[in-house]
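Below is one structure; the comments refer to it alone.
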Amino acid sequence: MNILCPESVSANQRASSGSEICNTAQEKMATKAEIVSKDTIKPSSPTPNHLRDFKISLLDQLAPPIYVPVVLFYSASDVTTFGNDIRMISDKLKSSLSDILTLYYPFCGTLKGNSLVDCNDVGVLYVESKVPTKLSNILKNPQVHEIIELFPFDPYNPLILLDDHSKKPASNMAVQVNEFSCGGIGIGVCFSHKIADGSTAASFLNAWAATSRGQHGNNILEQPQIESASLLFPPRNINMDITRGMTGHKNIVTRRFIFNDTNLSRLREKLGCFNPTRVEAVTALIWKSATEAARASSSMVSHAVNIRSRMASPLSKNLLGNLWQQAASPVMEMERVKGLHDLAEIVRKTIRKVDADYVSKLQGHELPKVIESLHEARIMVSEKGISCYSFSSWIRFDFYEADFGWGKPTWVCTIGVPIKNVVILMATKNGDGIEAWVTLTEHDMVEFERNPELLEFASFDF
């Protein structure tokens, strides 16, 4: 997830307000989640004193001050096979969460400034709720303004409301376990982006699930690498806010577009001998369609690139922290673009700029040049009005492997980022398709969702 190019949302604009990520400001949650309880889960054994000060890495310092939100849905048939007592299920989740937090101890600490986590074992927020509707109603017609109710707080305005109606900063991680009327459950989790990216979130959820299944301590659970990122990318005396100077936009809407396996194959075939990846093909099509909807004469694209596999010596997927970098294309004069093929090639070149040589520059003396390029890209958007479409791909993250003991998820989703021109790509359950969560202005979305070239390959249900 990233917010390098798009216009940002201010701290007091709530993603759940309706005017930002719902179709209209009047839309309300038809079946509002009822909070049953709130607890704090602490690690089952205290964090040793020598691990109390956890230095976040340079890349963590550059990450936006928001949360990474994920919801995992489990069908009633799977859950009830495991046990009909939601209390037993929740107790198992709490116990295994407490155990796994001993390994992921920064998640239950306190962020100090922009360089340190005090691993003081304050714990993570754990909320239980009841949702008076069947899970099938959510799956048939998922609505962003309903899904956001399944999180313990708004991931883009992370404040927790106290009993006296005051607010306090959210914990580094928080969970909400939602019980649907049919017996299905949805586990909504928020991770501070300052210590976790999408890959870290997936690794943690699978480690938590393995612990719940009873595999913790049996040499099956791969240990997280906690300190490695700060050793590879030592923190600097840096206080760069990549959202500064970008203005919020209220009239935006998020919709999910689905590209199934057959249509992805046809889309890639349309691009001929170029043979793009699924991500390259979908990115090019959405970029082209969105630019046409906005009638933009000039445009650029950016992609958050996972660098774990792009280092000279590839890194483990269990390395905690933000191991991604933003790749931004040159500004394209759209009248000179001949077609989808050209844009797909630009997307490929943009993503491949983040290679081992680029990463070594981050680690060395050329960091100021890299920072300056990020700043220049932001200026192009915020001051010169260039349309930038920012993508983040989660399709290789193993969210669908998270089996807590009652089977794998029926569906895994995030929610749209309340910032215009942001796209998150997620895998479908079978792994062959792509779900694109696209956020545009309301005006642009009307044009975008009726683009004939887009509709040739994608369907949408919001």
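The base-10 log of I(q)/I(0) for the range 303-462, evaluated at q = 0.17, 0.20, 0.21 Å⁻¹, reads -1.31, -1.56, -1.61 [Debye formula, identical scatterers on Cα atoms, solvent excluded].
The mean sequence distance of close C-alpha pairs (under 8 Å, at least 6 residues apart), as a share of the length of the chain, puts its relative contact order at 25 percent.
Each Cα pair under 8 Å and six or more residues apart adds its sequence gap; the mean of these over the residue count of the range 52-141 is a relative contact order of 37 percent.
The stretch between D53 and L231 holds 62.7 nm of extra length on full extension. This uses 0.36 nm per residue minus the Cα-Cα distance. Helical content alone sets the calculated 222 nm signal of the chain at -8000 deg cm²/dmol, taking -39,500 (n - 2.57) per DSSP H segment of four or more residues and averaging over every residue. Here, the range 369-437 yields an orientationally averaged convex hull projection of 6.5 nm² when only Cα atoms define the hull. Specify which residue in the list V305, Y156, T441 is farthest towards the positive end of the charge dipole of the chain, using unit charges on the beta carbon of Lys, Arg (+1) and Asp, Glu (-1), about the Cα centre. In the chain, that residue is V305.
3J(HN,Hα) couplings calculated from phi for the range 259-267 with the Karplus curve 6.51 cos²θ - 1.76 cosθ + 1.60 (θ = phi - 60°) are, in sequence order, 10, 7, 4, 4, 5, 5, 5, 5, 5 Hz; Gly and Pro show x.
Compared with the direct C-alpha span, the chain from S45 to K429 gains 134.7 nm at full extension, assuming 0.36 nm per residue. Evaluated with a Cβ-only charge set (Lys, Arg +1; Asp, Glu -1), the chain carries a dipole of roughly 380 debye about its Cα centre, given to the nearest 20. How much accessible area per residue does the range 42-92 have, in Å², with a 1.4 Å probe? Using a 1.4 Å probe on heavy atoms only, each residue of the range 42-92 averages 45 Å².
When the accessible area of the range 313-462 is split by element with a 1.4 Å probe, what percent falls to carbon and sulfur? Please report the intermediate quantities before stating the final value.
On the way: 3050 of 6220 Å².
C and S fraction of accessible area: 49 percent.
Report the antiparallel proportion of the DSSP beta bridges in the range 351-462 as a percent, rounded to a multiple of 5.
Numbers: 6 of 10 bridges.
Counting only bridges with both partners in the range 351-462, antiparallel ones make up about 60 percent.
Counting Lys and Arg as +1 and Asp and Glu as -1 over every other residue whose Cβ lies under 10 Å from the Cβ of E447, the net charge comes to -1. Within the chain, DSSP assigns beta bridges of which about 75% are antiparallel (rounded to the nearest 5). Simple rule: put +1 on each Lys or Arg Cβ and -1 on each Asp or Glu Cβ in the chain, find the dipole, and look at G385, A290, V412; the Cα lying farthest toward the positive end is G385. Over the range 401-462, accessible surface divided per residue gives 31 Å², non-protein components excluded, 1.4 Å probe. Model label sites at K408 and R450, defined 7 Å from Cα along the beta-carbon direction, differ in position by 4.0 nm.
The values are calculated or read from the model by the stated rules, or taken from the named source; none is laboratory data. Values in this document were obtained by computation on a predicted structure and should not be read as measured data. Reconstructed Cβ throughout: ideal geometry from the backbone, glycine too, with neighbour counts over all protein chains shown. Protein only, heavy atoms only, side chains kept; ligands, DNA and RNA dropped before computing areas. Shrake-Rupley method; radii C 1.70, N 1.55, O 1.52, S 1.80 Å.
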